[in-house]
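This report concerns only the one structure given below.
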Amino acid sequence: MMMSRRPINPSRRVADGRAASLDASIRSKTRSSPYLTIGLVIVGAFLLIGYFYRDTGTFGSIKGISRVEGDFSCAVEVQKTIPFLKKAYGDSMHKVLHVGPDTCSVVARLLEEEDTQAWGIEPYDIEDAGHFCKKLVHKGIVRVADIKFPLPYRAKSFSLVIVSDALDYLSPRYLNRTLPELARVSSDGLVVFTGYPRHHKAKVADKSRFGGLAKLRSSTWWVRFFVQTSLEENEVAIKKFELAALKKSYVPSCQIFHLRSYH
């Protein structure tokens, strides 16, 4: 006697199919997990290498060098304007001295430019500077010097001198000494980057590092001071710089003054 087959429950077939599919998926993930682990280990190794060598790399590691506190830095602004400065000064960009906090970052950026030699003066302590900055000091490319006193260079030692941030911390008494010194060691021009008065709050954080608050002055004050120290604005360089900046829609975050050297 033949036994009749019991009808198969469709819902059970679907459930069994889902269970088999889930089981296969779990086995697949289990098999791929070793590859995932290896990948994570490799990524972690690269991150550790990047952490330990962040200060010992090439000149391209500029962002890791900058140490200015506050919301902005004219040293960073100098780096942004290098293409415009090259348009304005041409061959005068071959031998450049930068003066100011974070000069290591600026010098590193300048040295990336073809046919450009660069040196720097750091007016403040570099105890907390990274390995790369201390290497520049060891090589004599960057010096630590108090800019309130005569600079350790002969007259017209550099074609162009760029100063950023440092003048904001000097009283008129010392500016009367320092500004003529900067002009003395340049042959083709002096470029001054200073903060706007509206940046006063950002500079308050720098008091402990620089020994005093920044004295942020208006452009009118600076122009009047330049006249008092017999420094003339370089109209030709100003026009070339502004034209190059305009083509790139550049809006400066710092005041920028182009001055003639003493002749």
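The figures follow:
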| quantity | calculated |
| --- | --- |
| Residues within region 108-125 that are of a type outside the set (D, E, K, R), outside any strand (DSSP E or B) and more than 18 Å from residue 150 (Cα to Cα), tallied | 4 |
| Filter result (surrounded by fewer than 15 Cβ atoms within 10 Å (Cβ to Cβ), of a type outside the set (A, V, I, L, M, F, W, C), modelled with pLDDT under 60 and not in a helix (DSSP H, G or I)) within region 193-221 | 211 |
| Condition met for residue 249 (open to solvent by less than 90 Å² (accessible area, probe 1.4 Å) and either modelled with pLDDT of 95 or more or under 14 Å from residue 192 (Cα atoms) (or both)) | no |
| Residue within region 111-119 that is closer than 22 Å to residue 175 by Cα and either open to solvent by 10 Å² or more (accessible area, probe 1.4 Å) or within 16 Å of the chain's Cα centre (by Cα) (or both) present | yes |
| Near pairs, Cβ below 7 angstrom, 6+ apart or cross-chain, from region 121-148 (within 20 Å of residue 162 (Cα to Cα)) to any residue that is of a type in the set (S, T, N, Q) | 121/103; 122/103; 142/103; 147/178; 148/178 |
| Count of region 76-93 residues which are closer than 22 Å to residue 152 by Cβ and modelled with pLDDT of 95 or more | 1 |
| Residues (surrounded by fewer than 12 Cβ atoms within 10 Å (Cβ to Cβ) and assigned to a helix (DSSP H, G or I)) located in region 132-145 | 138 |
| Flag for residue 151 being open to solvent by 20 Å² or more (accessible area, probe 1.4 Å) and either out of contact with any strand residue (DSSP E or B) (no Cβ under 6 Å at 6 or more places or on another chain) or within 22 Å of residue 187 (Cα to Cα) (or both) | no |
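The values are calculated or read from the model by the stated rules, or taken from the named source; none is laboratory data. What you see is a predicted model, and the numbers here were worked out from it, not measured in a lab. All Cβ positions, glycine included, derive from the backbone under ideal geometry; neighbour counts span all protein chains shown. Protein only, heavy atoms only, side chains kept; ligands, DNA and RNA dropped before computing areas. Shrake-Rupley method; radii C 1.70, N 1.55, O 1.52, S 1.80 Å.
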